[in-house]
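I have placed the structure first, in the form of structure tokens, so that the comments after it can refer back to it.
The values are calculated or read from the model by the stated rules, or taken from the named source; none is laboratory data. Keep in mind that what you see is a predicted model, and the values were worked out from it rather than measured. Methodologically, a virtual Cβ is constructed for each residue, glycine included, from the backbone with ideal geometry; neighbour enumeration extends over all protein chains shown.
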Amino acid sequence: MKAVDTEAIVLRTAAYSEADRLVTYLTPAVGKLVGIARNARSSRKRFGHCLEPCSRVTLTYKPGTGLAWLERSQLLDAHLALREDLPRWSYAALITEILAEMTPEGDAQEPLYLLTRSTLEQLASDPDPLNVVILFLVRFMRTMGHLPDFQQCRVCRAPLAGQGQWIWQLPEGRLLCPAHRANGSSPLELDLGTLLLLNQAAQLPLTRLWRLRVRKDRRQALRRALLEWVMAQTHRPLKTLKVVAQFERLPQPDPPGIG
């Protein structure tokens with residue numbers, strides 16, 4: 001089969017045999033791509049430092065019926081600034097884990113690829129990396145079709161402008177006005193300004209996304225709720241969340257529906 005050249009971002013890598021590595025990439029043309037790098041554990045001749053998570057690379061591969069065969073790769077950006085800052089690196093690891101879990105194989109994902117590329121660049125330089133993570137999560141869930149409707153009450157259809165305070169009910173993901181607040185759920189109270197910002201984060205051009213700033217007193221609760229919503233879609237815990245929680249010195253959210 002003819003070899004394919006593409007730009008790609010490494011999401012994860014793992015030992016596949018004594019000599020080989022199994023590598024998961026995000027690509028613009030086929031979304032998630034999983035391939036075997038032959039002899040990558042015993043020789044750096046063809047792949048060098050191109051198999052590290054979060055690295056942006058050029059990749060030559062041959063598609064297979066299951067796994068792709070990775071032929072060679074060249075490093076474009078190792079994101080060294082992330083690797084030298086452990087809290088930022090933990091956020092980057094969280095982002096790549098979410099991408100590896102939720103991105104389908106074989107479908108074009110250019111908007112998602114551009115979002116991820118921009119996110120890693122912004123995460124390396126932004127003075128507030130948590131703000132970057134929150135904006136990424138909102139935009140990612142919108143891109144994947146999993147972002148809840150933050151425009152109106154799920155029960156009575158009351159518009160946002162009619163109330164100053166709202167409730168995001170988790171793990172169901174419903175936005176509710178105060179009159180329809182449900183019992184027995186994990187609610188997050190959201191003010192109108194935060195909801196308007198979330199809607200902007202879902203819709204603004206990517207070049208303007210990073211100008212948005214979530215209020216500092218809302219960031220941790222919002223990050224926690226967004227990750228709970230992610231895990232409601234994957235039905236499994238996020239392994240890197242333990243590392244993130246360690247750096248943030250915060251308890252990690254309980255994955256919904258995981259016993």
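Results for (1) more than 30 Å from Leu86 (Cβ to Cβ); (2) basic (Lys, Arg); (3) at pLDDT 95 or above; (4) part of a strand (DSSP E or B), shown as yes or no for each residue.
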site: Gly184; (1), (2), (3), (4): yes, no, no, no
site: Leu188; (1), (2), (3), (4): no, no, no, yes
site: Gln200; (1), (2), (3), (4): yes, no, yes, no
site: Arg208; (1), (2), (3), (4): no, yes, yes, no
site: Glu228; (1), (2), (3), (4): no, no, no, no
site: Pro237; (1), (2), (3), (4): no, no, no, no
site: Ala245; (1), (2), (3), (4): no, no, no, no
site: Gln252; (1), (2), (3), (4): no, no, no, no
Count - residues of segment 91-110 that are modelled with pLDDT of 95 or more and either more than 21 Å from Val34 (Cβ to Cβ) or of a type in the set (Gly, Ala, Ser) (or both): 4
Single residue of segment 118-137 satisfying the filter (touching a residue at least 60 places away in the same chain (Cβ under 8 Å) and part of a loop (DSSP other than H, G, I, E, B)) that is farthest from Leu196 (Cα to Cα): Asp126
Positions within segment 138-167 being more than 17 Å from Leu190 (Cα to Cα) and either assigned to a helix (DSSP H, G or I) or among the aromatic types (Phe, Trp, Tyr) (or both), in sequence order: Arg139, Phe140, Met141, Arg142, Thr143
Meets criteria (in the same structural domain as Ala245 (by TED's automatic domain parsing), at pLDDT 95 or above and either closer than 30 Å to Arg224 by Cα or surrounded by 15 or more Cβ atoms within 10 Å (Cβ to Cβ) (or both)) for Ala8: no
Tally, over segment 220-231, of residues that are surrounded by fewer than 20 Cβ atoms within 10 Å (Cβ to Cβ) and touching a His at 6+ places or on another chain (Cβ under 9 Å): 0
Residue list for segment 56-108, restricted to those being in a helix (DSSP H, G or I) and more than 19 Å from Ile134 (Cβ to Cβ): Leu80, Ala81, Arg83, Leu86, Ala100
